[in-house]
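**Q** Below: one structure in structure tokens.
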Amino acid sequence: MSKDYLSPTEAAKILGISRQAVIARIKRGSLTAERAGRQYIIPADHIQSKKEDTPKKKGVKPIAKYKKDSIGAILNKVEKEGIQTIQLWFVDILGIPKCVSITKGELTEALRHGKGFDGSSVAGFAEAEESDMIAQPDIDTFKVLPWTKDTEPIARMFCDILNPDRTPYAGDTRGALRRVLARAKKKGFIFYLGPEIEYFYFKSNKSAEIIDEGSYFELIPNDLANTLRNKTIRTLEEMGISMEATHHEVAPSQHEIDLKYNEALIMADAVVTCRYVIKEIAQQHGVYATFMPKPVFGVNGSGMHTHQSLFKGSRNAFYDKKDKYNLSEIAKQFIAGELKHAREISSLTAQWVNSYKRLVPGYEAPVYASWAQRNRTALIRVPLYRPGNEKATRAELRCPDPACNPYLAFTVMLAAGLEGIEKKYKLSPPVEPNIYHMAMEERERRGLTSLPGNLSEAITETQKSHFVKEALGEHIFDRFLFNKKKEWEEYRIQITQHEVKKYLPLL
């Protein structure tokens, strides 16, 4: 290539920004470029003229490297516990776990500089021509996988995804949650979450063959599932993840683990860990655990009811002892924000085609955007206040399911609540009667809007939402929707067994 022109990589080095940022400027039209086949070429004199005008990192600070004493503490732990393998965890744009394993000998370099990988092979990450990514381990998430301790101990760390210049990568969903948490922090808020994770145990991943006939809270003698849940809890607590409770759920072979509330980023990591551990323990005992929202027709699906609160220091900002519902103005505005944007964020909290088989009347899943204290058909439930327990004042969002990407779901949940606070949204009165039993005229009188009826409708609502685009960032917004549209189209053209059974004898 003539040096009258530069490649995006060469231009990035001159400008002191990432290659991805150069591509983004070209697409926005702020940087002149031409096409040479599938690649961009950029006039060299144009780059030189832009060099002095380029703000370093556009206000985005590179991720700092760890101090020597922090690295030393991890290395000492690895040596002491005989750990030979360290897994670096992150998720793709859909929340599917990814992992690269390194040896003890590579750990120092990885902690200092991160581990490079090809982002073009990860769903929602970089294109082939801008594929260099860095997985930077988060030292605070270092944990040994308990079931490996007696053989060959393995540790894991979650990672932040960076560009080669160590600026945060725009496609990192963990980074998206970090950004909205920073926005909340500027207002003095800490976002706490406590998810209730529901799931099924089946005999295999080939069919939905149950392993028990239990019902809600049922205690079954010699119950394999109870053994699995207890082992799962012990494993999670050994990894520093605390539980509130665990029990059998409503449907046969359906179970629930409730995580003790914690800060949002810690909780998102905990949800990913919890799902992995549940599956691991199940597999060790020859059964299969699934977080598929609605694997069995005619019984309850699996949700992830998520309890939310904002704290200012040690004080619960949702509590007001003078209010009829013991809710502060901040809490009411937060809830109003989530209700207003419920349809727009649905594709993030219920992100799969199958998710909308759960969100139907009759199975304790929400269908309409409303709030209440006792009514479990409402989208948001505010549990009744117990005297002396101000810290427990919270809003339980009931639409998320356990198969979502928790980083993205928590991002839009908080962003919706913050917008309600910033714009001082007014909260409508609670709806205590069973909404499913209401006449259509009554629902219209109360101004109740329904959640999307399928993934396609949810995608449409998200696509036209400036609020969601701002919360996620353009990269995640565009590529998440691309993946969801592809999923919907694959589903739309399928011929289901239901259709064959119903129409083949008739038509």
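The values are calculated or read from the model by the stated rules, or taken from the named source; none is laboratory data. Quantities reported herein were computed from a predicted structural model and do not represent experimental measurements. All Cβ positions, even for glycine, are placed from backbone atoms using ideal geometry, and neighbour counts span all protein chains on display.
This table checks each residue for (1) among the charged types (D, E, K, R); (2) surrounded by 15 or more Cβ atoms within 10 Å (Cβ to Cβ); (3) part of a helix (DSSP H, G or I).
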| residue | (1), (2), (3) |
| --- | --- |
| Leu418 | no, yes, yes |
| Lys424 | yes, no, no |
| Glu442 | yes, no, yes |
| Gly453 | no, no, no |
| Glu470 | yes, no, yes |
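**Q** While we're here: I'm trying to understand the selection: among the residues of region 190-202, which are touching a Phe, Trp or Tyr at 6+ places or on another chain (Cβ under 7 Å), of a type in the set (A, V, I, L, M, F, W, C) and either more than 18 Å from Ile421 (Cα to Cα) or crowded, with 20+ Cβ neighbours inside 10 Å (or both)?
**A** Leu193, Phe202
**Q** Of the numbered conditions (1) surrounded by fewer than 23 Cβ atoms within 10 Å (Cβ to Cβ); (2) modelled with pLDDT of 95 or more; (3) of a type outside the set (S, T, N, Q); (4) within 18 Å of Lys426 (Cβ to Cβ), Trp352 fails exactly one; give the number of that condition.
**A** Condition not satisfied by Trp352: (4).
Condition check ((1) more than 21 Å from Ala350 (Cβ to Cβ); (2) assigned to a helix (DSSP H, G or I); (3) touching a residue at least 60 places away in the same chain (Cβ under 8 Å)) across all residues:
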position	(1), (2), (3)
Thr460	no, yes, no
Asp478	no, yes, no
Glu487	no, yes, yes
Leu506	yes, no, no
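**Q** With the structure loaded, tell me whether Phe200 is at pLDDT 90 or above, of a type in the set (Phe, Trp, Tyr) and more than 17 Å from the chain's Cα centre (by Cα) or whether it fails that test. Explain how you work it out, then say what you get.
**A** On the way: at pLDDT 90 or above: yes; of a type in the set (Phe, Trp, Tyr): yes; more than 17 Å from the chain's Cα centre (by Cα): yes.
Taking the combined requirement at face value, the residue satisfies it.
**Q** Just checking, which of Gly303, Gly298, Gly313 is out of contact with any strand residue (DSSP E or B) (no Cβ under 9 Å at 6 or more places or on another chain), over 24 Å from Trp89 (Cβ atoms) and in the same structural domain as Ala331 (by TED's automatic domain parsing)?
**A** Details: Gly303 fails: out of contact with any strand residue (DSSP E or B) (no Cβ under 9 Å at 6 or more places or on another chain); Gly313 fails: out of contact with any strand residue (DSSP E or B) (no Cβ under 9 Å at 6 or more places or on another chain).
Selected residue: Gly298, the only one of Gly303, Gly298, Gly313 that is out of contact with any strand residue (DSSP E or B) (no Cβ under 9 Å at 6 or more places or on another chain), over 24 Å from Trp89 (Cβ atoms) and in the same structural domain as Ala331 (by TED's automatic domain parsing).
**Q** Does Lys187 fit the bill of being of a type outside the set (A, V, I, L, M), farther than 26 Å from Asp118 by Cα and out of contact with any Gly (no Cβ under 6 Å at 6 or more places or on another chain)? Show your work before the answer.
**A** On the way: of a type outside the set (A, V, I, L, M): yes; farther than 26 Å from Asp118 by Cα: yes; out of contact with any Gly (no Cβ under 6 Å at 6 or more places or on another chain): yes.
Yes: the conditions hold for Lys187.
**Q** Within region 62-73, does at least one residue satisfy the condition of being among the hydrophobic types (A, V, I, L, M, F, W, C), touching a strand residue (DSSP E or B) at 6+ places or on another chain (Cβ under 7 Å), modelled with pLDDT of 90 or more and part of a loop (DSSP other than H, G, I, E, B)?
**A** So the first thing to find is which residues in region 62-73 are among the hydrophobic types (A, V, I, L, M, F, W, C), and the list is 63-64, 71, 73.
Applying the additional criterion that residues be touching a strand residue (DSSP E or B) at 6+ places or on another chain (Cβ under 7 Å) yields 63.
Pick out the ones that are also modelled with pLDDT of 90 or more and you get none.
No, that holds for no residue.
**Q** Now, a different point. Limited to region 275-289, what total is found for residues that are farther than 16 Å from Leu224 by Cα and out of contact with any helix residue (DSSP H, G or I) (no Cβ under 6 Å at 6 or more places or on another chain)? Before the answer, list the steps.
**A** First, the residues of region 275-289 that are farther than 16 Å from Leu224 by Cα: 275-277.
Now restrict to residues that are out of contact with any helix residue (DSSP H, G or I) (no Cβ under 6 Å at 6 or more places or on another chain): 275-276.
Residues in region 275-289 being farther than 16 Å from Leu224 by Cα and out of contact with any helix residue (DSSP H, G or I) (no Cβ under 6 Å at 6 or more places or on another chain): 2 in total.
**Q** Considering only residues that are part of a strand (DSSP E or B) and in contact (Cβ under 8 Å) with a residue 24 or more places away in the chain, which ones fall in region 218-259?
**A** Of everything in region 218-259, those that are part of a strand (DSSP E or B) and in contact (Cβ under 8 Å) with a residue 24 or more places away in the chain turn out to be Glu244, His247, His248, Gln254, His255, Glu256, Ile257, Asp258, Leu259.
**Q** Looking at Gly116, is it small (Gly, Ala, Ser) and in contact with a helix residue (DSSP H, G or I) (Cβ under 9 Å, 6 or more places away or on another chain)? Please lay out each step first, then the result.
**A** Working: small (Gly, Ala, Ser): yes; in contact with a helix residue (DSSP H, G or I) (Cβ under 9 Å, 6 or more places away or on another chain): no.
Against the criterion (small (Gly, Ala, Ser) and in contact with a helix residue (DSSP H, G or I) (Cβ under 9 Å, 6 or more places away or on another chain)), Gly116 does not qualify.
**Q** So, one more: Output the residues belonging to region 319-349 that are part of a loop (DSSP other than H, G, I, E, B) and either polar (S, T, N, Q) or at pLDDT 95 or above (or both). So that I can check it myself, show each step before the final result.
**A** First, pick out the residues of region 319-349 that are part of a loop (DSSP other than H, G, I, E, B): 320-326, 328, 341.
Result: Asn326, Ser328, His341.
Residues checked against (1) closer than 18 Å to Glu474 by Cα; (2) at pLDDT below 80; (3) assigned by TED's automatic domain parsing to the domain that holds Ser120; (4) in contact with a His (Cβ under 6 Å, 6 or more places away or on another chain):
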site: Ala11; (1), (2), (3), (4): no, yes, no, no
site: Ile14; (1), (2), (3), (4): no, yes, no, no
site: Gln20; (1), (2), (3), (4): yes, yes, no, no
site: Gly29; (1), (2), (3), (4): yes, yes, no, no
site: Arg35; (1), (2), (3), (4): no, yes, no, no
site: Gln39; (1), (2), (3), (4): no, yes, no, no
site: Ile42; (1), (2), (3), (4): no, no, no, no
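**Q** How many residues does region 84-128 contain that are more than 19 Å from the chain's Cα centre (by Cα) and part of a strand (DSSP E or B)?
**A** Qualifying residue count for the region: 11.
**Q** Restricting to region 381-414, give me the number of residues that are touching a Leu at 6+ places or on another chain (Cβ under 8 Å) and more than 25 Å from Lys186 (Cβ to Cβ).
**A** Taking region 381-414 as the starting set, the residues that turn out to be touching a Leu at 6+ places or on another chain (Cβ under 8 Å) are 382, 393, 397-399, 404-405, 407-414.
Subset that is more than 25 Å from Lys186 (Cβ to Cβ): 382, 398-399, 404.
Within region 381-414, residues that are touching a Leu at 6+ places or on another chain (Cβ under 8 Å) and more than 25 Å from Lys186 (Cβ to Cβ) number 4.
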